[in-house]
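*Asks:* This is the structure I want to talk about, given as structure tokens.
The values are calculated or read from the model by the stated rules, or taken from the named source; none is laboratory data. Only a predicted model underlies this, so the values are computations on that prediction, with no experimental measurement involved. All Cβ positions, even for glycine, are placed from backbone atoms using ideal geometry, and neighbour counts span all protein chains on display. Only protein heavy atoms, including side chains, enter the accessible area calculation; ligands, DNA and RNA are left aside. Shrake-Rupley method; radii C 1.70, N 1.55, O 1.52, S 1.80 Å.
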Amino acid sequence: MSTMLSPGRYKAENNDNFLSQYSIVMEVKETEKSYIFKLVELNSRYSADHIKHLFARSKRVIIRKNCGGHAMRVWGDDTFTLYPFQAGIPYYFVKQ
């Protein structure tokens, strides 16, 4: 049986340098068939373009588990990696 994410607020951030700096906060809920993301905060000047594109139409996105397009790996009940469009860089989220 796979691990289910705890519902709540998750954050991904990178502070390596000002060009690749970002901070992303999302409300996350997992159901049997999908992941539901609600964008709370996105701070980035030059990076996180794939996250910006993912939320371009709405602050709420549903990713179905059985459909391709985005890679998602749950590491435990409070961490996951999201690789939007399977392009660019993956984003590592930790529960807040």
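*Asks:* In the range 54-78, how many residues are out of contact with any helix residue (DSSP H, G or I) (no Cβ under 8 Å at 6 or more places or on another chain), open to solvent by less than 70 Å² (accessible area, probe 1.4 Å), aliphatic (A, V, I, L, M) and within 22 Å of Ser20 (Cα to Cα)?
*Replies:* So the count comes out to 1.
*Asks:* Looking at the range 1-53, which of its residues are in contact with a Pro (Cβ under 8 Å, 6 or more places away or on another chain), at pLDDT below 95 and open to solvent by 80 Å² or more (accessible area, probe 1.4 Å)?
*Replies:* His53
*Asks:* Here's another thing I want to ask about it. Can you tell me which residues in the range 79-96 are open to solvent by 30 Å² or more (accessible area, probe 1.4 Å) and among the hydrophobic types (A, V, I, L, M, F, W, C)?
*Replies:* Result: Phe85, Ala87, Ile89, Val94.
*Asks:* Return the only residue of Leu42, Leu5 being in contact (Cβ under 8 Å) with a residue 12 or more places away in the chain and not in a loop (DSSP other than H, G, I, E, B).
*Replies:* The unique qualifying residue is Leu42.
*Asks:* Restricting to the range 54-76, name every residue that is modelled with pLDDT of 90 or more and in a loop (DSSP other than H, G, I, E, B).
*Replies:* Within the range 54-76, Phe55, Ala56, Arg57, Ser58, Lys59 meet the criteria.
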